[in-house]
Amino acid sequence: MTVIVPRPDAAIDPDRLVAWYESARRDLPWRRPGVSPWQILVSEIMLQQTPVARVQAVFSDWVRRWPTPSATAAATVADVLRAWGKLGYPRRAKRLHECATVIATEHDDVVPDDVDTLQSLPGIGAYTARAIACFAYGHRVPVVDTNVRRVLARAVRGQADPVPSARDLVDVERLLPKDERASWVSVALMELGATVCTARSPRCGLCPMPNCKWHDAGHPPSPRTAKRAQGYAGTDRQVRGRLLDVLRRSDFPVAKEELDVAWLTDTDQRDRALASLLADGLVEQTTDGRYALSGELTAAE
Ligand code: SF4
């Protein structure tokens, strides 16, 4: 067996990083033994814009109910939208249903393992395709999310905050060992950014990264002004969520008046939100002008 000794100035020591991951990683349901590539795909879609804590409960119920692509495809879009609950950005649920249908019908119910095929599936972008290839199949592909980008910026480039660039993928790929440890290094870098090298309070005393340039330079501040996080209250997203809540709670199509009471603040905004839900295919209208979650009317026929 070849013993790989890291260069003294190497940004990472794969063995040390993987050992840290094994001892410090969070016990998340999609990391447990027996989780299938499809279930990892589901977790990646749910995690795209939603924090881990909110995804955990929904994920476990979801994969218990629909453990495979074909089981998911057999559900209605309305069922899927109900189960999505408060995860937000519900178009993801509809795209996940479409993705399940394509995998069930065109890929023998097996999630593809190469990045290009994965990226051709509904709802699967470049990041998610790489994450599935790496986390579900152990392939050596760089996976770069906000957390990995932050670790890269600090440890390798000596910058407080990442500035996303096309170089990120190349630079992360260079950090990966050429052997089977690569996928473990990928998941460890992500976990490190999520739990230790956090945006506001990096805990460098717990960090397994040797020779971190930003730490060694004394944590110089970012020259950029921090962007204020966009609020949720009063946005079209909030209004869409309120309207969907009304439809989720009802087993029957509802009248427009029942939707109207969900948002009384701004009627133009409410109508715009409803129109966007119809345009996105998340909601449908009956011939007598009532509203239901998409697929509900067809399922009732
Ligand atoms: S030493 Fe500190 S700043 Fe550098 S990667 Fe580790 S936690 Fe982040």
Those residues of the stretch 194-248 which are within 9 Å of the ligand (Cβ to nearest atom), in a loop (DSSP other than H, G, I, E, B) and among the charged types (D, E, K, R) amount to 203
Can you list residue pairs whose Cβ atoms sit under 8 Å apart, with the first residue in the stretch 153-164 being assigned to a loop (DSSP other than H, G, I, E, B) and the second being within 9 Å of the ligand (Cβ to nearest atom) and among the basic types (Lys, Arg)? Count only pairs 6 or more apart in sequence or on different chains. 157/213; 158/213; 160/154; 161/150; 162/150
Is it the case that some residue within the stretch 111-125 is away from the ligand (no atom under 16 Å from the Cβ) and within 30 Å of residue 223 (Cα to Cα)? no
In this structure, does residue 225 turn out to be among the polar types (S, T, N, Q) and at pLDDT 95 or above? no
Can you find a residue in the stretch 154-162 that is within 28 Å of residue 212 (Cα to Cα) and crowded, with 23+ Cβ neighbours inside 10 Å? yes
For residue 71, indicate whether it is without any contact (Cβ under 8 Å) to a residue 40 or more places away in the chain and exposed (fewer than 15 other Cβ atoms within 10 Å of the Cβ). no
Output the number of residues of the stretch 170-182 satisfying the condition of being closer than 15 Å to residue 134 by Cα and buried (at least 16 other Cβ atoms within 10 Å of the Cβ). 6
The conditions are (1) at pLDDT 95 or above; (2) under 18 Å from residue 212 (Cα atoms); (3) of a type outside the set (Phe, Trp, Tyr), and residue 183 fails exactly one of them. Which is it? (2)
Among (1) within 16 Å of the ligand (Cβ to nearest atom); (2) without any contact (Cβ under 8 Å) to a residue 40 or more places away in the chain; (3) among the charged types (D, E, K, R); (4) more than 21 Å from residue 20 (Cβ to Cβ), which single condition is residue 167 missing? (1)
Please enumerate the residues belonging to the stretch 207-225 that are over 21 Å from residue 10 (Cα atoms) and exposed (fewer than 10 other Cβ atoms within 10 Å of the Cβ). 221, 223, 225
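The values are calculated or read from the model by the stated rules, or taken from the named source; none is laboratory data. None of these values were measured; they are calculated from a predicted model. Positions of Cβ are backbone-derived with ideal geometry, glycine not excepted, and every protein chain shown enters the neighbour counts.
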